[in-house]
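Working notes, structure below.
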Amino acid sequence: MNQKIFFTSDHHFGHTNIIRFSERPFASIEEMDQELIKRWNEKVSPRDIVYHLGDISLARPERTKEILDQLNGSIFLVKGNHDKSALSYAKRFEWIKDYYELSVEDADTPNGRQKIILFHYAMKVWRSSFRGTWHLYGHSHGHLFDDETSRSFDVGVDCHNYEPLSYDEVKAIILKKDWKAPFGDREL
């Protein structure tokens, strides 16, 4: 079986106030944490790759370790502003970065690879955005206007049924947008 790539952000495991702040449909932090773990593991297999774009947990370090040990897949962490607890268990992650430029093999693209900028925060412009490079972010919990002319969007759990999105799901969302290369079809 093939290894799949997933993207997600802003789980806020162990964060009681996020239920109220983001109007999450959970009665308690325990219910939320268990449901988020369940939904993650229903989509992500142990052999898959997950790019988490920050704010994975605000629980105590011991509890964060317990949660991270229950999650399937190899996790790559792009740091958010609430990742102190996750950083205490750095060995759970394949790497931890502030920003990352990913290249995914994709036969449907002109050069066979799709570039994706991964950052916790939304950007108006990013490297090669005018060439069709995608930008995935979190942090905003679905409160930012989604620009239908931009190849970017919020991959946070509050926007996507509290579960990670596969590369194919991200691609489907991006390709529905009304993006046009600003310089037309000319060679860039």
Quiz prompt | Per residue accessible area in Å² of the stretch 125-188, where ligands, DNA and RNA are left out and the probe is 1.4 Å | solution = 55
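Between residue 87 and residue 27, what length in nm is gained on full extension when 0.36 nm per residue of separation is reduced by their alpha carbon distance?
18.8 nm
Under the rule of -39500 (n - 2.57) per DSSP H run of 4 or more residues, summed and divided by the residues of the chain, what mean residue ellipticity at 222 nm is obtained, to the nearest 500 deg cm²/dmol? All intermediate terms of the calculation are to be shown ahead of the outcome.
Values: 5 runs with 45 residues, N = 188.
Result for the chain: -7000 deg cm²/dmol, rounded to the nearest 500.
With the radius of gyration and the Kirkwood radius both derived from the Cα set of the chain, what is their ratio Rg to Rh? Spell out each step's value before the answer.
Values: Rg = 16.6 Å, Rh = 17.0 Å.
So for the chain, dividing Rg by the Kirkwood Rh gives 0.98.
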Quiz item: Would you list 43, 4 from the most to the least accessible area, probe 1.4 Å?
Solution: 4, 43
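Where the accessible area of the stretch 99-140 is counted over protein heavy atoms with a 1.4 Å probe, how much of it, in %, is carbon and sulfur?
On the way: 1180 of 2280 Å².
Roughly 52 percent, rounded to a whole number.
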Quiz prompt | Cα-based Rg and Dmax for the stretch 72-146, where Dmax is the largest Cα-Cα distance (Å) | solution = 14.2, 41
Quiz item: Relative contact order for the chain: what is it in percent, counting Cα pairs under 8 Å that are at least 6 residues apart?
Solution: 22
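Mind ranking 28, 150 by accessible surface for me, highest first, 1.4 Å probe? Write out the running numbers ahead of the final one.
Working: 28 40, 150 15 Å².
If we order 28, 150 from most to least accessible, we get 28, 150.
From the protein chains alone at 1.4 Å, what is the descending order of accessible area for 35, 23, largest first? Walk me through the numbers on the way to the answer.
On the way: 35 45, 23 150 Å².
Highest to lowest solvent-accessible surface, that is 23, 35.
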Quiz item: Per residue Cα convex hull volume for the stretch 1-47, in cubic angstrom?
Solution: 77
Quiz item: Want the number for residue 101 to residue 45: 0.36 nm per residue separation, take away the alpha-carbon distance, what's left?
Solution: 17.8 nm
Practice problem: With a 1.4 Å probe and every protein chain left in place, tell me how much accessible area residue 119 has, in Å² to the nearest 10. | Solution: 50
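The values are calculated or read from the model by the stated rules, or taken from the named source; none is laboratory data. Remember, it's a predicted structure, so these values are computed and weren't measured experimentally. SASA here: full protein model, heavy atoms, side chains in, ligands and nucleic acids out. Shrake-Rupley method; radii C 1.70, N 1.55, O 1.52, S 1.80 Å.
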